[in-house]
Amino acid sequence: ITDTARIDLWLGPDFSSDKIRQLRQINPNILILTSINAVEEWNLPDDYYLKDINGKKVEIWPNFYRLNLTKPYVAEYQALSAAKRIIDSGLLVDGIFFDNVFTTQSWLNQDIYGNPFPIDADENGQPDPPWELDAKWKQGIFAELKLFRELMPHAIINGHAMNINERGIAET
């Protein structure tokens, strides 16, 4: 525990409440952030996932599928899930680490196996124009972050794939 307490910032550890309390006794300045993947989740209804023109979900990692953040209810679900992680910690963590905060998605053109993946986020059977997909996607990812910030105004937010200089990111 003393070696663990020497590290001032923990992103996504699986510490018990008792361990967090012990760490804070040893290092009162320690920061502990829980973690969530901003764009992936498992075991959700089928309509939460990004699909191709044939209605197939895109597999990113084995058995992991990309969410469809162009749908407002999916972004809301992710924000609520992030806030719940902090609440479930007994409010002992200082914030959250958002993994994979991609503000565009048109670059995703194949699945994990290299198969072509023409994105059809609006599920009309046609590939989405890249500029339209990216605009709707960015709106969704920002909605996720904004709602999380409203729910947890004092939480520290850190993230992967966040460009702090991108307009809108720092304001979140």
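The values are calculated or read from the model by the stated rules, or taken from the named source; none is laboratory data. Since this is a predicted model, take the numbers as computed values, not measurements. A quick note on method: Cβ atoms are made from the backbone with ideal geometry, for glycine too, and the neighbour counts reach across all protein chains shown. For accessibility, only protein heavy atoms count, side chains too; no ligands or nucleic acids. Shrake-Rupley method; radii C 1.70, N 1.55, O 1.52, S 1.80 Å.
I need the full set of residues from region 29-43 which are under 14 Å from the mean Cα position of the chain (by Cα) and either open to solvent by 30 Å² or more (accessible area, probe 1.4 Å) or not hydroxyl-bearing (Ser, Thr, Tyr) (or both), in order please.
Result: 33, 35, 36, 37, 38, 39, 40, 41, 42.
Search region 99-155 for residues being farther than 20 Å from residue 55 by Cβ and charged (D, E, K, R), and hand back the single one that is least open to solvent (accessible area, probe 1.4 Å).
144
If you go through region 112-164 one residue at a time, how many are aliphatic (A, V, I, L, M) and without any contact (Cβ under 8 Å) to a residue 40 or more places away in the chain?
2
Which number in (1) surrounded by 15 or more Cβ atoms within 10 Å (Cβ to Cβ); (2) among the charged types (D, E, K, R); (3) under 30 Å from residue 19 (Cβ atoms) marks the one condition that residue 88 misses?
(1)
Are any of the residues in region 14-26 touching a residue at least 24 places away in the same chain (Cβ under 8 Å) and surrounded by 21 or more Cβ atoms within 10 Å (Cβ to Cβ)?
no
Mind checking which residues of region 156-172 are open to solvent by less than 60 Å² (accessible area, probe 1.4 Å), β-branched (Val, Ile, Thr) and either touching a Cys at 6+ places or on another chain (Cβ under 9 Å) or under 16 Å from residue 33 (Cβ atoms) (or both)?
Within region 156-172, 157, 172 meet the criteria.
Go through 52, 46 for me and flag whichever is under 21 Å from residue 118 (Cα atoms), over 12 Å from the mean Cα position of the chain (by Cα) and open to solvent by less than 20 Å² (accessible area, probe 1.4 Å).
52
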